[in-house]
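Below is one structure, written out as structure tokens; comments come after it.
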Amino acid sequence: MAPDLPGTAAHLLQSRRFGPLEAPAERLVHFPAGLLGFEELTEFLVHAPEGLHPIRFLVACADPEIAFPILPAALCAADYAPQLPAEVRPLLGAGPADPLEVLALLTLVPETGTLHANLRGPVVINAATRRGCQVVLHDSPYSLRHLLGAG
């Protein structure tokens, strides 16, 4: 499958969770190294279901049953300002002043019904190149399980 070739027509992904999803090239993001634990999945559709804004999902093109909820990290913690490793911008094809979107992966704890954001392992996307990566912020004060809605 080569879903992110420029100029290709949108293809359809089938997901039990979301139903059929159109996957136009401009909504696909290539993750050269995949995501942690899912390194084999390198192409994702950014899906924004109605009624869930600002939450979106990274839906794996190779297996649309795998989807990760994401939220702009700045919405998770007002003071969130991670120092990204120097290799991130070149990896994403971004110059020093190019904007990058920093997103937090979300998890729901079924036992408590609480929603948590991973602020220590953000997903970073360059919308201009449609390239992304997950960054591990070693020695960071940010939490892997930042409780949303607290405080």
Would you say Glu39 is acidic (Asp, Glu) and either more than 24 Å from Thr107 (Cβ to Cβ) or in contact (Cβ under 8 Å) with a residue 40 or more places away in the chain (or both)?
no
Ala94 passes all but one of the listed conditions (1) more than 14 Å from the chain's Cα centre (by Cα); (2) surrounded by fewer than 18 Cβ atoms within 10 Å (Cβ to Cβ); (3) at pLDDT 95 or above; the exception is number (2)
Take Ala128 and decide whether it is assigned to a loop (DSSP other than H, G, I, E, B), under 20 Å from Leu28 (Cβ atoms) and touching a residue at least 12 places away in the same chain (Cβ under 8 Å).
yes
Is the range 41-56 home to any residue that is more than 26 Å from Arg145 (Cα to Cα) and either touching an Asp or Glu at 6+ places or on another chain (Cβ under 7 Å) or at pLDDT 95 or above (or both)?
no
Got a sec? Which of Leu137, Leu115, Leu103, Leu119 is assigned to a loop (DSSP other than H, G, I, E, B), aliphatic (A, V, I, L, M) and either in contact with a helix residue (DSSP H, G or I) (Cβ under 7 Å, 6 or more places away or on another chain) or surrounded by 11 or more Cβ atoms within 10 Å (Cβ to Cβ) (or both)?
Leu137
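The values are calculated or read from the model by the stated rules, or taken from the named source; none is laboratory data. All figures in this text were calculated on a predicted structure; none of them were measured in a lab. Heads up, the Cβs are rebuilt from the backbone with ideal geometry, glycines too, and the neighbour counts pull from every protein chain shown.
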